[in-house]
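The values are calculated or read from the model by the stated rules, or taken from the named source; none is laboratory data. Everything numeric here is computed off the predicted structure, so don't read it as measured data. Cβ sites come from the backbone with ideal geometry, for glycine too, and all protein chains shown count toward neighbours.
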Amino acid sequence: MSSQPDARVDELRLILPTAPKPMAIYRPCLRVGNFLYVSGHGPLKPDGTLVTGVLGTDLTLDEGKAAARQVALAVLSTVKTHLGTLNTVKRLVKTLGWVASANDFGDQPEVMNGWSELMREVFGEDAGVGVRSAIGTNVLPKNIAVEVECLFELEG
C-alpha cells in the first residue's frame, strides 16, 4: 500500500469527477501560504449530476454517507486540478459539513463519516483525519444532500 495520495487514489480505484465549476462568484479553492482553503462542494457524480434530497425524508443514512463520500471525491478533484497533485497535501486540518436534514434527523455526524472515511483512506490515519463539524440544515443549494468546505495544510 502506497503512502502517496495520488497512488492511493489509483489503488482504491476511485473515480474523481471533473472538478466542479463555481455556481456563483467565488473560487473553488484558494492557496494562502501553506494552506489550501476549499469552498463548499456538493456530491458531484462522475456523470455531472448531483446527489439531491433530504436525509430522513428522501434519503437513508447509508445514502447520505455515500453522498458525503461523493463530496470528498469532488473535493479531491478540485485539489488535484488546482495543485496538479494530491501529494503536496500535508494534512486535512478542518472540515465543515452541512447535511440537508428532516426535522427529526439527528445523524449528521454519521453521514459525514462518508467524507471522513475516504479522507482517511487517501491521506492516512494521521494526515487524513482532522477536526470536523457536522451540521443539519433544512435546505442546501440546488437541493443537494450534503455540502462540505475544508482546509488543507500543504507541504512547505
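One line per residue, one yes/no per condition, for (1) out of contact with any Cys (no Cβ under 9 Å at 6 or more places or on another chain); (2) closer than 20 Å to residue 27 by Cα; (3) touching a residue at least 60 places away in the same chain (Cβ under 8 Å); (4) among the aliphatic types (A, V, I, L, M):
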position: 51; (1), (2), (3), (4): yes, no, yes, yes
position: 57; (1), (2), (3), (4): yes, no, no, no
position: 62; (1), (2), (3), (4): yes, no, no, no
position: 74; (1), (2), (3), (4): yes, yes, no, yes
position: 108; (1), (2), (3), (4): yes, no, no, no
position: 134; (1), (2), (3), (4): yes, no, no, yes
position: 140; (1), (2), (3), (4): yes, yes, yes, yes
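Any residue at all in the stretch 53-60 that is modelled with pLDDT under 95 and more than 23 Å from residue 154 (Cα to Cα)?
no
Out of all the residues in the stretch 16-32, which are assigned to a loop (DSSP other than H, G, I, E, B) and touching a residue at least 40 places away in the same chain (Cβ under 8 Å)?
If the condition is that a residue be assigned to a loop (DSSP other than H, G, I, E, B) and touching a residue at least 40 places away in the same chain (Cβ under 8 Å), then 16, 17, 18, 19, 20, 23, 28 are the ones that fit.
Looking at residue 56 and the list (1) within 25 Å of residue 11 (Cα to Cα); (2) over 16 Å from the mean Cα position of the chain (by Cα), which single condition is not satisfied?
Among (1) within 25 Å of residue 11 (Cα to Cα); (2) over 16 Å from the mean Cα position of the chain (by Cα), the lone unmet condition for residue 56 is (1).
Could you check residue 40 against (1) part of a loop (DSSP other than H, G, I, E, B); (2) within 15 Å of residue 74 (Cα to Cα) and say which number it fails?
(1)
Take residue 120 and tell me if it is at pLDDT 95 or above, surrounded by fewer than 20 Cβ atoms within 10 Å (Cβ to Cβ) and over 19 Å from residue 16 (Cα atoms).
For residue 120, the condition - at pLDDT 95 or above, surrounded by fewer than 20 Cβ atoms within 10 Å (Cβ to Cβ) and over 19 Å from residue 16 (Cα atoms) - is not met.
Pick from the stretch 45-91 the residues that are assigned to a loop (DSSP other than H, G, I, E, B) and charged (D, E, K, R): which of them is nearest to residue 145 (Cα to Cα)?
Looking at residues that are assigned to a loop (DSSP other than H, G, I, E, B) and charged (D, E, K, R), I get 58.
Check the stretch 81-90 and report whether any residue there is buried (at least 17 other Cβ atoms within 10 Å of the Cβ), of a type outside the set (S, T, N, Q), in contact (Cβ under 8 Å) with a residue 40 or more places away in the chain and within 21 Å of residue 20 (Cα to Cα).
yes
Given 68, 74, 102, which one is surrounded by 14 or more Cβ atoms within 10 Å (Cβ to Cβ), more than 17 Å from the chain's Cα centre (by Cα), at pLDDT 95 or above and among the small types (Gly, Ala, Ser)?
Among 68, 74, 102, only 102 is surrounded by 14 or more Cβ atoms within 10 Å (Cβ to Cβ), more than 17 Å from the chain's Cα centre (by Cα), at pLDDT 95 or above and among the small types (Gly, Ala, Ser).
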